[in-house]
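Undergrad: Below is one structure. I have some questions about it.
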Amino acid sequence: MTEREVVVSIRGLEKSFGTNVVLRGVDLDLYRAENLVILGRSGTGKSVLIKILVGLIEPDAGTVVVLGQDVHALKRRELDALRVRLGFAFQHAALYDSMTVEENLGFPLRMNHPKMPEAEVRERIDDVLEAVGLPQTRHQMPSELSGGQRKRIGIARTLILRPEIMLYDEPTAGLDPSTCGEINDLILQVRERYRTSAIVITHDLTCARATGDRIGVLVEGQLLVVGTFDEVFANPDPRIQAFYDYNFIQGARA
Amino acid sequence: MAEPPLFSARIDRQLAGVHAFSAFVAATLVSTARRPFYANEILQQCYEVGVRTLPLATLTGLITGMVFTEQSRPSLASFGATSWLPSLVTLALVRSLAPLVTALVCAGKVGSSIGAELGSMKVTEQIEALTVSAVNPIKYLVVTRTIATTFMVPVLTAYFGFVAFLGAYFNVRSHEGTSWIAFVKNGFGSLDVLDVGSAVVRAVVFGFTIGIIACWSGVSATHGTQGVGRAANGAVVQSMLAIFVLEILIVQVISLVRSL
């Protein structure tokens with residue numbers, strides 16, 4: 001069997017904010033074309049983990065190697081070059097609210113590829129709008145979109161740079177169950193269409209089961225267990241079982 | 001375990017704030033000299049700062065010129081010196097009123113706008129979205145806005161001075177019947193190079209101050225919508241305070257230069 005390519009390698013990651021210790025020695029690998037879900041309750045440092053991964057937050061200790069590069073040893077330009085290969089879908093989409101959907105989508109392209117012909121920019125915008133199933137929103141302002149549409153356009157904006165790794169921060173938070181299902185499908189479609197690897201941060205077990213090849217549970221700043229959904233929740237650790245109960249889906253286990 | 005405070009928790013926090021602001025100013029200055037230059041965004045911000053402030057500058061300039069002239073007349077009339085009104089008004093406008101009032105107007109209008117805009121972008125993660133898209137927010141948001149205020153506040157100051165001069169002329173014309181040519185000759189005859197030069201320096205310094213403080217206030221915003229309100233408010237209050245402090249310093253420096 002050939003060894004799978006590791007695209008993200010995290011070792012001994014630690015981070016505190018004042019006296020609040022958020023991450024306590026996290027070790028993690030993400031493999032090429034894999035969807036890895038990090039489960040954890042709100043405030044357990046899940047978002048901090050992926051923000052460290054793109055260099056938005058400096059860790060106190062540990063190493064983060066992404067696509068073969070040590071993120072926190074890179075110079076600004078090198079880090080920017082790496083960031084173009086990563087897609088970060090924010091929890092609240094973080095769309096630029098003074099721009100239309102089309103301008104939001106074209107912005108990262110025009111900034112990073114100023115010489116790209118306008119026809120190609122439009123072609124890429126058409127492609128990602130089709131990928132997220134929202135071509136009709138092209139001329140709308142972000143304030144005119146629903147919560148689910150905003151998340152989709154947020155994902156489309158990250159896809160426009162054709163990233164190799166997607167980072168989803170709470171992709172289903174605040175959405176109704178039907179829209180959550182659509183977002184879960186979209187995460188899977190993105191992998192198929194763009195051949196991305198992904199880390200999905202969530203506290204939604206349905207999202208985790210639907211999108212994750214492997215699941216890690218972050219409790220008190222440590223990854224307690226990493227495995228498939230069934231492997232993880234077969235673990236008798238009361239903190240994992242409590243999390244399972246917290247999501248109120250005990251009846252779905254069997 | 002948390003380290004004990006160096007002085008006191010409050011002083012340490014303020015020193016950390018001063019250090020962070022200094023680093024922010026340094027990063028802005030360094031970024032200004034580096035590519036890319038985002039010319040379109042700079043032009044857009046110049047439009048936002050300059051053109052959108054014109055109506056306010058026109059109104060405040062006209063009123064300042066008229067009221068200052070009206071209020072100065074009785075004092076000069078008691079010496080029978082109302083003919084000095086044009087030179088008095090022109091000197092007051094160029095030496096202090098135009099740069100100072102324009103800067104205060106811009107601190108209110110432009111400072112609050114920049115503070116609220118960047119504050120809103122900060123709390124909704126739009127600034128982080130720029131960063132992860134490999135766009136330097138200091139370069140794209142801060143440098144462009146600071147260049148715009150540094151360039152447009154002097155332009156608005158010149159415009160304010162001209163409109164206030166017109167307001168003063170209308171007042172003098174209606175009371176003393178002075179002609180436009182006599183008013184201009186009398187007014188500008190009293191000015192020297194240092195007066196004009198110091199007005200330009202003031203306007204440039206005030207413009208930079210408004211831009212950098214408003215941007216700092218915006219990008220430092222925290223705690224949701226309340227934080228956006230605080231950012232807008234902080235941008236206005238802090239830049240106005242800074243303008244007054246700088247005005248005192250600049251006046252001292254100019255007095256020193258005049259005495260040489």
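The values are calculated or read from the model by the stated rules, or taken from the named source; none is laboratory data. Just so it is clear, the structure is predicted and the values come from calculations on it, not from any experiment. Cβ coordinates were reconstructed from backbone atoms using ideal geometry, including for glycine residues, and neighbour counts include every protein chain displayed.
Undergrad: If I ask for residues that are in contact with a Lys or Arg (Cβ under 7 Å, 6 or more places away or on another chain) and surrounded by 22 or more Cβ atoms within 10 Å (Cβ to Cβ), which ones from the range A:89-107 would you list? Full working, then the answer.
TA: Step one: of the range A:89-107, the residues in contact with a Lys or Arg (Cβ under 7 Å, 6 or more places away or on another chain) are A:93, A:95, A:101-102, A:104-105.
Hits for the range A:89-107 are A:ALA93, A:LEU95, A:VAL101, A:ASN104, A:LEU105.
Undergrad: So which helices (runs of 4 or more DSSP H) stay within the range B:3-118 end to end and still have 3 or more residues that are closer than 29 Å to B:GLY224 by Cβ?
TA: Because the criterion is at least 3 residues that are closer than 29 Å to B:GLY224 by Cβ, the helices (runs of 4 or more DSSP H) in the range B:3-118 that meet it are B:9-32, B:39-50.
Undergrad: I would also like to ask the following. Where the second residue is among the β-branched types (Val, Ile, Thr) and buried (at least 19 other Cβ atoms within 10 Å of the Cβ) and the first is free of Cβ contacts under 8 Å to residues at least 12 places away in the same chain and within 11 Å of chain B (Cβ to nearest Cβ) and lies in the range A:53-82, which pairs have Cβ atoms under 7 Å and are six or more apart or on separate chains?
TA: Correct list of pairs: A:LEU56/B:THR131; A:LEU56/B:VAL132.
Undergrad: Here's something else I'd like to know. Looking only at residues in the range B:112-129 that are over 22 Å from the mean Cα position of the chain (by Cα) and small (Gly, Ala, Ser), which one is farthest from the other protein chains (Cβ to nearest Cβ)?
TA: B:SER120
Undergrad: Exactly one condition in (1) surrounded by fewer than 17 Cβ atoms within 10 Å (Cβ to Cβ); (2) away from every other protein chain (no Cβ under 12 Å); (3) of a type outside the set (Gly, Ala, Ser) is false for A:ARG124; which is it?
TA: With respect to (1) surrounded by fewer than 17 Cβ atoms within 10 Å (Cβ to Cβ); (2) away from every other protein chain (no Cβ under 12 Å); (3) of a type outside the set (Gly, Ala, Ser), A:ARG124 is out only on (1).
Undergrad: Among the candidates A:ARG41, A:ARG24, single out the residue that is touching a helix residue (DSSP H, G or I) at 6+ places or on another chain (Cβ under 9 Å), surrounded by 14 or more Cβ atoms within 10 Å (Cβ to Cβ), touching a residue at least 12 places away in the same chain (Cβ under 8 Å) and of a type in the set (Lys, Arg).
TA: Going through A:ARG41, A:ARG24 in turn, the sole match is A:ARG41.
Undergrad: Could you run through the range A:127-163 and say how many residues are in contact with a helix residue (DSSP H, G or I) (Cβ under 7 Å, 6 or more places away or on another chain), within 14 Å of A:ASN104 (Cα to Cα) and of a type outside the set (Gly, Ala, Ser)?
TA: Count: 20.
Undergrad: Continuing with the same structure: If a residue has to be among the acidic types (Asp, Glu) and within 15 Å of the chain's Cα centre (by Cα) to count, how many in the range A:12-59 make the cut?
TA: Final tally of qualifying residues: 2.
Undergrad: Of all residues in the range A:83-97, which are of a type in the set (A, V, I, L, M), closer than 21 Å to B:VAL123 by Cα and at the interface with chain B (Cβ under 8 Å from one of its Cβ atoms)?
TA: Correct list: A:ALA94, A:LEU95.
Undergrad: When you check B:LEU249 against the structure, is it of a type outside the set (D, E, K, R) and modelled with pLDDT of 95 or more, yes or no?
TA: Criteria met by B:LEU249.
Undergrad: Scan the range B:24-38 for residues that are surrounded by 10 or more Cβ atoms within 10 Å (Cβ to Cβ) and within 14 Å of chain A (Cβ to nearest Cβ) and report the count.
TA: Residues that pass the stated criteria total 7.
Undergrad: Which one of A:PRO142, A:PRO108 is within 11 Å of another protein chain (Cβ to nearest Cβ), without any contact (Cβ under 8 Å) to a residue 60 or more places away in the chain and under 24 Å from A:THR202 (Cα atoms)?
TA: Going through A:PRO142, A:PRO108 in turn, just one is within 11 Å of another protein chain (Cβ to nearest Cβ), without any contact (Cβ under 8 Å) to a residue 60 or more places away in the chain and under 24 Å from A:THR202 (Cα atoms): A:PRO142.
Undergrad: Further, regarding this structure: Could you tell me which of the residues A:VAL22, A:VAL37, A:VAL26 is under 25 Å from A:GLU192 (Cα atoms) and in a strand (DSSP E or B)?
TA: Just a single option satisfies the conditions, and that option is A:VAL37.
Undergrad: Follow-up. Being more than 30 Å from B:LYS185 (Cβ to Cβ) and either within 14 Å of chain A (Cβ to nearest Cβ) or in contact (Cβ under 8 Å) with a residue 60 or more places away in the chain (or both), is that true of even one residue in the range B:92-104? Explain how you work it out, then say what you get.
TA: Taking the range B:92-104 as the starting set, the residues that turn out to be more than 30 Å from B:LYS185 (Cβ to Cβ) are B:104.
Remaining after also requiring either within 14 Å of chain A (Cβ to nearest Cβ) or in contact (Cβ under 8 Å) with a residue 60 or more places away in the chain (or both): B:104.
Yes: one or more hits.
Undergrad: Kindly list the number of the only condition in (1) modelled with pLDDT under 95; (2) within 14 Å of another protein chain (Cβ to nearest Cβ); (3) under 21 Å from A:ARG11 (Cα atoms) that fails for A:VAL226.
TA: (2)
Undergrad: Moving on to the next point. Kindly list, by first and then second residue, each pair from a residue in the range B:48-64 that is more than 17 Å from B:ALA107 (Cβ to Cβ) to a residue that is in a helix (DSSP H, G or I) and hydroxyl-bearing (Ser, Thr, Tyr), limited to pairs with Cβ atoms under 9 Å and residues at least 6 apart or on different chains.
TA: Partner pairs satisfying both residue conditions: B:THR58/B:TYR159.
Undergrad: Filtering the range B:130-140 down to residues that are in a helix (DSSP H, G or I) and closer than 17 Å to B:ARG35 by Cα, which residue is nearest to the other protein chains (Cβ to nearest Cβ)?
TA: Among those residues, the one meeting the criterion is B:THR131.
Undergrad: Quick check, is B:VAL94 within 24 Å of B:GLY197 (Cβ to Cβ) and either among the hydrophobic types (A, V, I, L, M, F, W, C) or in contact with a strand residue (DSSP E or B) (Cβ under 9 Å, 6 or more places away or on another chain) (or both)?
TA: Yes: the conditions hold for B:VAL94.
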